[in-house]
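The values are calculated or read from the model by the stated rules, or taken from the named source; none is laboratory data. All of these numbers come straight from a predicted model, not from anything done at the bench. We place every Cβ from the backbone using ideal geometry, glycine too, and count neighbours over all the protein chains shown. We work out accessible area using only protein heavy atoms, side chains counted, and drop any ligands, DNA or RNA first. Shrake-Rupley method; radii C 1.70, N 1.55, O 1.52, S 1.80 Å.
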Amino acid sequence: MEDEEKTKEQLLTELSELRQRIAELETLEVKRKQAEDAMRQSENEYRTIFETTGTATIIIEEDTTISLANMEFERLSGYSKEEVEGKKRWTDFVANKDDLDRMKDYHNTRRIYPDAAPRNYEYKFMDRAGGVRDIFATIAVIPGTKRSVGSFLDITERKQAEEVLMESEQRFRDLVESSLTGICIIQDSRIVYQNKKQLKLRVPLGESLKLMDFRGIHPDDVEKVKQFYQGIISREVRSLGTDFRFYPEGKIDTEENMKWVYCQASLIKYQGKDSVLVNMMDMTKSKELERLLMMQEKMSSLGRVAAGIAHEIRNPLSGINIYLSTLQKIYDRADSLDKVKGIIGQLQSASGKIESVIRRVMDFSKPGEPKFVPTNINQPIEEALQLSSVTLRKSKIKLEKELSEDLPLCNADPHLIEEVILNLITNAAEAMKGIEVDKKIEVTSFMRNKHILVKVSDSGPGVRSDLKGKIFDPFYTTKAANTGIGLSLSHRVVTDHGGALSVGTSKWGGAEFIIEIPLEKETA
Ligand SMILES: Nc1ncnc2c1ncn2[C@@H]1O[C@H](COP(=O)(O)OP(=O)(O)OP(=O)(O)O)[C@@H](O)[C@H]1O
Ligand SMILES: [Mg+2]
């Protein structure tokens, strides 16, 4: 009985305990359900994120198998998820071996030291059809696992655009580098770029334009260059240009070294900064040509005037001479008046001189067409030396000659060339008139660059550099009794041969005249 009662009591307790347990279990079940829901939801969320990142993304196992791939990856690779997940390895999608070796290395390193391998890199991806794409990859190990997430951005188009841009930039660079004009870029008054031609020109631009350093600039052009610099620095003018003379860096300031440039500046953007682009063109040759042309022009017009004068004077003058000789004959018969004879003699010599001057003037205006024949230039040289040898000996001038023996023939008029050389020798002798000792003239002939060169050097006082241009002008002379025709005539003869006549300084410090005759006369 007691047992029964106890059992009942006990049963009640057990029942209540059981109810409590059930209640507890129910709560647990709800919680589990809730957790499960939450879990499913979060997994859904991650799935969604995974699917909608917009980038091809995969989960990679330690053994390189791809365990998960998204739709973008399907699109990129050309395989379906089913064909990829658990079946393909990321290594199946690498196009070249170099990339593969490098990436395998990263794969392994990353699993030991996650930060030791680069997170981002570029490589060539290969799709199902064998098509190759440029990929920007981002790979990271999932914390606490040996798995990694990889996402792959297709940058093929961007790369191609970059390449096209690089190519066009390279083309532009090549163009600038091989340009025949000097190009330099100035930023904040400093030169930041110069092309090859600009370096070759060696224009003395100085450290900074602001320092206004005009060393090496021709003194007469300093003001021009100063204004040019100021224009660049102030950037006031959108485009400005000027020409100036300079002596290339590393060369001494002499007439021979002087060069002309024309430069033009304009504003540009260079590497994102406001800059000034300066173009420089070597004008030395064209300026020289311009000068020669002007000289020729001057000469031909002077020549025409001279011809007119000569024509007008020559006839009456020969009349005078005829009358004078008639007068002399009459006087001879009369056999008296000594003084008159003397005067007539002087008259004759004076008018004779006038006539000879006129002849030279006429020669100048119309030297006659040169008659070109194949000539060994040494022959007219020898003739000229022969003709002047007596005069030179009398004036105690030592003559040195060095004529190249194997000169080729050139097309020349030997008589005119002989005259030119005689002119030069006469000038040299006249220049050394006042000097007592060490009077020397050297005549040499040799070949250089398809030209035959003849040099007449002396040990006289030389020609001052500011007079080097003037001495070739017709009628320019420093001698009381001369006409100043010799050099202009010689110059004309040499240019008629297609050559050039120039003056420099001889090894003795005197004058050195150089005749240059081309082997093949340009027929222009
Ligand atoms: N070898 C030289 N050394 C120094 N000065 C020279 C020399 N040759 C020419 N000159 C200068 O050049 C000037 C012009 O020479 P150019 O031969 O044309 O005329 P010129 O000798 O004065 O007269 P012309 O030749 O008509 O008799 C000379 O007056 C002289 O001042
Ligand atoms: Mg002379």
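Observations
- Principal semi-axes in Å for the range 178-282 [√(5λ), Cα gyration tensor, largest first]: 22, 15, 12
- Using the Karplus relation 6.51 cos²θ - 1.76 cosθ + 1.60 with θ = phi - 60°, the per-residue 3J(HN,Hα) values for the range 65-72 come to 6, 8, 9, 8, 9, 9, 5, 4 Hz, with x marking Gly and Pro.
- Per-residue Karplus couplings for the range 224-231, computed as 6.51 cos²θ - 1.76 cosθ + 1.60 with θ equal to phi - 60°, are listed in order as 4, 5, 4, 5, 5, 4, 4, x Hz, Gly and Pro entered as x.
- Think of each Lys and Arg Cβ as +1 and each Asp and Glu Cβ as -1; about the Cα centre, that makes the dipole of the chain roughly 3940 debye.
- Ignoring lysines fewer than eight residues from LYS33 along the same chain, none have Cα atoms less than 17 angstrom from its Cα.
- Expected 222 nm ellipticity per residue - DSSP helices of 4 or more, -39500 (n - 2.57), all of the chain, to 500: -16000 deg cm²/dmol
- Computed on the Cα trace of the chain, the radius of gyration divided by the Kirkwood hydrodynamic radius gives Rg/Rh = 1.47.
- When the solvent-accessible area of the chain is split by element, carbon and sulfur atoms take up 54 percent of it, the probe being 1.4 Å.
- Residues whose amide H falls under 5 Å from that of LYS401, counting only those 5 or more places apart or on a different chain, are VAL443, with hydrogens built in the peptide plane.
- Contact order relative to length of the range 373-518, as percent, for alpha carbon pairs under 8 angstrom and 6 or more apart: 23
- Solvent-accessible area per residue, Å², over the chain with all protein chains present [probe radius 1.4 Å]: 62
- Summary of the geometry: the range 443-491 and the range 168-194, compared by the centres of their Cα atoms, lie 43 Å apart.
- Helix axis angle, 378-394 relative to the chain longest principal axis, alpha carbon, degrees: 50
- Reach of LYS97 by Cα under 30 Å, taken over lysines that are not fewer than 8 positions away in the same chain: LYS81, LYS87, LYS88, LYS124, LYS146, LYS159
- With a simple spin-label model that places each label point 7 Å from the Cα along the Cα-to-Cβ direction, the separation between GLU255 and GLU436 comes to 3.1 nm.
- Helix axis angle, 338-365 relative to the chain longest principal axis, alpha carbon, degrees: 30
- Listed by chain and number, the aspartates and glutamates whose C-alpha is less than 19 Å from the C-alpha of LYS104, apart from same-chain residues fewer than 8 away, are GLU61, GLU62, ASP63, ASP92, ASP115, GLU122, ASP127, ASP134.
- When the listed pairs LYS287/LYS439; LYS341/LYS479; LYS210/LYS259; LYS251/LYS398; LYS398/LYS507 are checked against a 27 Å cut-off, the alpha-carbon distance exceeds it for LYS287/LYS439; LYS341/LYS479; LYS251/LYS398.
- Using a cutoff of 8 angstrom between alpha carbon atoms and counting only pairs six or more residues apart, the relative contact order for the range 178-282 works out to 29 percent.
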